[in-house]
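The structure under discussion appears below in the form of structure tokens.
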Amino acid sequence: MERRDFLVTGCQAGLGLCLTALLGESCGTAAYFAQMTVETDKISVRKSEFQYLKKEAIQERSYVFVKPAGAAFPICLYKKDNQYTACLMKCTHKGCEVEVQGSRYVCPCHGSEFSTAGALLEGPAERPLKTFKTTEDENAVYIWVA
Ligand code: FES
């Protein structure tokens, strides 16, 4: 590789990292897989899993992932306005794993976009994401998978 090619490639990689940082929570707190309890019909996630310490202050995550053993795709449990939604992160177009980008899910394969409640916003996918009913009590959120 020529020095010029190396510099160009390095700058492109750096630009990609900067864009990634600007697009939301894709660095640092991203991809946090929560501790969970899996039962026959539901997955329980303690609400404290949404919290983390930063500079000695408690911060709140917008979302956590859960992925039971043997599952091909994670479920994203998203918290917005104190409401929880749970979506399977499998694109309904051709089955790629969708990613969180700010307050929407985006498929890296062909660009489909979904709301954090799973609604289809942009094709080529034609169906919403698979969603799961959620309930909660004082301490935990329950994802009903059965
Ligand atoms: S697999 Fe997601 S848009 Fe094609």
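Quick notes on this one:
- With 31 Å as the limit, the listed pairs Lys42/Lys80; Lys54/Lys80; Lys55/Lys94; Lys47/Lys94; Lys55/Lys130; Lys55/Lys133 have Lys55/Lys94; Lys47/Lys94; Lys55/Lys130; Lys55/Lys133 beyond it between alpha carbons.
- Straightening the chain between His110 and Tyr52 buys 17.6 nm, computed as 0.36 nm per residue apart minus the Cα-Cα spacing.
- Calculated over segment 31-144, the projected area of the Cα convex hull averaged across directions stands at 7.5 nm².
Each reported figure results from applying straightforward, stated rules to the coordinates on display, with no laboratory input. Since the model is a prediction, treat every value here as computed from it, not as a measurement.
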